[in-house]
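Have a look at the structure below, then the notes.
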Amino acid sequence: GYLFPDTYEFFVDEDPTHALSRLLDNFNTKMSDELMQKVEAAGYSLNQILTIASLIEKETDGTDRENIASVIYNRLNAGMPLGIDASILYAYPDHEGAPTADMLADPSPYNTRLNTGLPPTPIANPGIASINAALYPESTGYYYYALDTATGQHRFFTNADEFNAFVATQNYE
């Protein structure tokens, strides 16, 4: 979560600690005083904001960050599991595709279908757009979203019945 995604130049015999320091320094530069003040005002720790931003980063199509953030906060505030498959898949780095039934039953702290609250760490290194979405989410009544396989974009829902009806029409593989 703290290794800011950006373009970097690395040298063949460069000390790895210097390379990591550059990524961390860039993160510290990108996290302006204004952003850090917003983190402090958010009621969440920096690690929690980065965890939320990392969930957004892994889920977004690039156009819906603020709505995904809204779903995350609405579910956190309601004490609901987040239900984010990207988090479940984080515990299985070699797996490709959707989570299997065994993965969905695994009590890993990254299983956001079984556990409430945030996973223990960020699951990716979020960019500034996802960090901003975590700090400035849309205010919506959305509690659910799913990928529309026809459009490649997420659809958002306020209730489980609409969500489940939509998911039943999709061919997720």
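The values are calculated or read from the model by the stated rules, or taken from the named source; none is laboratory data. Owing to the predicted nature of the structure, the values given are computational and were not obtained by experimental measurement. As a convention, Cβ positions derive from the backbone with ideal geometry for all residues, glycine included, and neighbour counts pool all protein chains shown. For accessibility, only protein heavy atoms count, side chains too; no ligands or nucleic acids. Shrake-Rupley method; radii C 1.70, N 1.55, O 1.52, S 1.80 Å.
What do you reckon, is Pro99 open to solvent by less than 50 Å² (accessible area, probe 1.4 Å), part of a loop (DSSP other than H, G, I, E, B), modelled with pLDDT under 95 and touching a helix residue (DSSP H, G or I) at 6+ places or on another chain (Cβ under 9 Å)? So Pro99 passes the test. When each of Asn67, Asn77, Asn47 is tested for being modelled with pLDDT under 95 and of a type in the set (S, T, N, Q), the lone residue that passes is Asn47.
Within segment 9-35, the set of residues being more than 19 Å from the chain's Cα centre (by Cα) and surrounded by 11 or more Cβ atoms within 10 Å (Cβ to Cβ) comprises Glu14, Ala19, Leu20, Ser21, Arg22, Leu23, Leu24, Asp25, Asn26, Asn28, Ser32. Suppose we filter segment 115-145 for residues that are outside any loop (DSSP other than H, G, I, E, B), open to solvent by less than 40 Å² (accessible area, probe 1.4 Å) and closer than 15 Å to Leu50 by Cβ; how many remain? Total satisfying the criteria: 5.
For segment 75-96, give me each residue that is over 15 Å from the mean Cα position of the chain (by Cα) and either under 23 Å from Tyr143 (Cβ atoms) or open to solvent by less than 50 Å² (accessible area, probe 1.4 Å) (or both). The answer is Asn77, Ala78, Gly79, Met80.
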